[in-house]
Amino acid sequence: MKTSTFTTGRPLVFPTLGALYDLLIPLAFTWLRVICGTALMVHGWPKISNPLGTVDMVAGIGFQPAAFWAVALAVTEFGGGLLLVLGLLTRLAAAGCTVILLVTVYFHWVQLGQGYGGAELSLIWSAVTLFFVGVGGGRLSLDRLLLPRNL
């Protein structure tokens, strides 16, 4: 009997569910990637619509030249989200988004003094993007279709 790929060969408590798990794993994986990318795009849309609108915030964190970093923030957040949705250059996009999210953790936790409560969402989303840095786009991604080594 085939065991679920998720369990990497370990016996399942309910072996008859192995086929269901094998069906759901790539779907759940893709769903997480698409939802993460969509959230980044929605959050990044105001920034990409007005890339210099965050110059003061970026300067306040200490990034100089602030205009360059504000545009980089907009492109990385919105563009990285789009690439995650597509599963294209997933590891690269996720790495850029992880860096941005970790900066927002610092911004909320340290600079604004909000602690864990203020940084919680950034911590969660950075964990998700870091996951995709490690594992790539998955079976249902353009990476798998177009890139021979799944960068």
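The values are calculated or read from the model by the stated rules, or taken from the named source; none is laboratory data. Computed from a predicted structure; not experimentally measured. Note: ideal-geometry Cβ built from the backbone for every residue, glycine included; neighbour counts use all protein chains shown.
Return the residues of segment 113-130 that are surrounded by 13 or more Cβ atoms within 10 Å (Cβ to Cβ) and without any contact (Cβ under 8 Å) to a residue 60 or more places away in the chain; say none if nothing qualifies.
To start, the set of residues in segment 113-130 that are surrounded by 13 or more Cβ atoms within 10 Å (Cβ to Cβ) comprises 114, 118-123, 125-126, 128-130.
Correct list: GLN114, GLY118, ALA119, GLU120, LEU121, SER122, LEU123, SER126, LEU130.
Please indicate, with yes or no, whether at least one residue in segment 53-75 is part of a helix (DSSP H, G or I) and within 30 Å of PRO148 (Cβ to Cβ).
Taking segment 53-75 first, the residues part of a helix (DSSP H, G or I) are 55-61, 66-75.
Next cut, within 30 Å of PRO148 (Cβ to Cβ) only: 72, 75.
Yes, that holds for at least one residue.
Six or more apart or on different chains, Cβ under 6 Å: which pairs go from a residue in segment 1-30 that's more than 22 Å from SER141 (Cβ to Cβ) and modelled with pLDDT of 85 or more to one that's not hydroxyl-bearing (Ser, Thr, Tyr) and not in a helix (DSSP H, G or I)? Could you list them?
Pairs that qualify, where the first residue is more than 22 Å from SER141 (Cβ to Cβ) and modelled with pLDDT of 85 or more and the partner is not hydroxyl-bearing (Ser, Thr, Tyr) and not in a helix (DSSP H, G or I), are GLY18/LEU12.
Suppose the filter is exposed (fewer than 14 other Cβ atoms within 10 Å of the Cβ) and either at pLDDT 95 or above or more than 24 Å from SER141 (Cβ to Cβ) (or both); does SER49 pass it?
Yes, satisfied.
Looking at the structure I just gave you, is GLY137 of a type outside the set (D, E, K, R) and either on the phi > 0 side of the Ramachandran plot or free of Cβ contacts under 8 Å to residues at least 60 places away in the same chain (or both)? Lay out the reasoning, then the answer.
Details: of a type outside the set (D, E, K, R): yes; either on the phi > 0 side of the Ramachandran plot or free of Cβ contacts under 8 Å to residues at least 60 places away in the same chain (or both): no.
It is false that GLY137 is of a type outside the set (D, E, K, R) and either on the phi > 0 side of the Ramachandran plot or free of Cβ contacts under 8 Å to residues at least 60 places away in the same chain (or both).
Kindly establish whether LEU84 is closer than 22 Å to LEU145 by Cα, of a type in the set (A, V, I, L, M, F, W, C) and in contact with a Phe, Trp or Tyr (Cβ under 9 Å, 6 or more places away or on another chain).
On the way: closer than 22 Å to LEU145 by Cα: yes; of a type in the set (A, V, I, L, M, F, W, C): yes; in contact with a Phe, Trp or Tyr (Cβ under 9 Å, 6 or more places away or on another chain): yes.
Against the criterion (closer than 22 Å to LEU145 by Cα, of a type in the set (A, V, I, L, M, F, W, C) and in contact with a Phe, Trp or Tyr (Cβ under 9 Å, 6 or more places away or on another chain)), LEU84 qualifies.
Return the total of residues in segment 123-146 being under 11 Å from GLY87 (Cα atoms), more than 8 Å from the chain's Cα centre (by Cα) and of a type outside the set (Asp, Glu).
Our first condition is that a residue be under 11 Å from GLY87 (Cα atoms); within segment 123-146, this holds for 132, 136-146.
Cutting the leftovers down to more than 8 Å from the chain's Cα centre (by Cα) gives us 136-146.
When the remaining residues are screened for being of a type outside the set (Asp, Glu), the result is 136-142, 144-146.
Number satisfying all stated conditions: 10.
Just need a number here: residues in segment 68-104 that are touching a residue at least 60 places away in the same chain (Cβ under 8 Å) and surrounded by fewer than 20 Cβ atoms within 10 Å (Cβ to Cβ).
Final tally of qualifying residues: 1.
Can you name the residue in segment 40-52 that is in contact with a helix residue (DSSP H, G or I) (Cβ under 7 Å, 6 or more places away or on another chain) and outside any helix (DSSP H, G or I) and is also nearest to ALA95 (Cα to Cα) among such residues?
Narrowing segment 40-52 to residues in contact with a helix residue (DSSP H, G or I) (Cβ under 7 Å, 6 or more places away or on another chain): 40-41, 43-45, 47-48, 51-52.
Cutting the leftovers down to outside any helix (DSSP H, G or I) gives us 51-52.
Working: PRO51: 21, LEU52: 23 Å.
If we take residues in segment 40-52 being in contact with a helix residue (DSSP H, G or I) (Cβ under 7 Å, 6 or more places away or on another chain) and outside any helix (DSSP H, G or I), then PRO51 is nearest to ALA95 (Cα to Cα).
If I filter segment 134-148 down to residues being over 17 Å from VAL34 (Cβ atoms) and among the hydrophobic types (A, V, I, L, M, F, W, C), which single residue comes out as surrounded by the most Cβ atoms within 10 Å (Cβ to Cβ)?
As a first pass, look at segment 134-148 and keep what is over 17 Å from VAL34 (Cβ atoms): 134, 146-148.
With the extra rule that they be among the hydrophobic types (A, V, I, L, M, F, W, C), the set shrinks to 146-147.
Working: LEU146: 12, LEU147: 16.
Top of the filtered list is LEU147.
Do the conditions hold for GLY37, that is, is it in contact (Cβ under 8 Å) with a residue 24 or more places away in the chain, part of a loop (DSSP other than H, G, I, E, B), closer than 23 Å to ILE25 by Cβ and not aliphatic (A, V, I, L, M)? Don't jump to the end; show me each part of the working.
Values: in contact (Cβ under 8 Å) with a residue 24 or more places away in the chain: yes; part of a loop (DSSP other than H, G, I, E, B): no; closer than 23 Å to ILE25 by Cβ: yes; not aliphatic (A, V, I, L, M): yes.
When the stated conditions are applied, GLY37 does not pass them.
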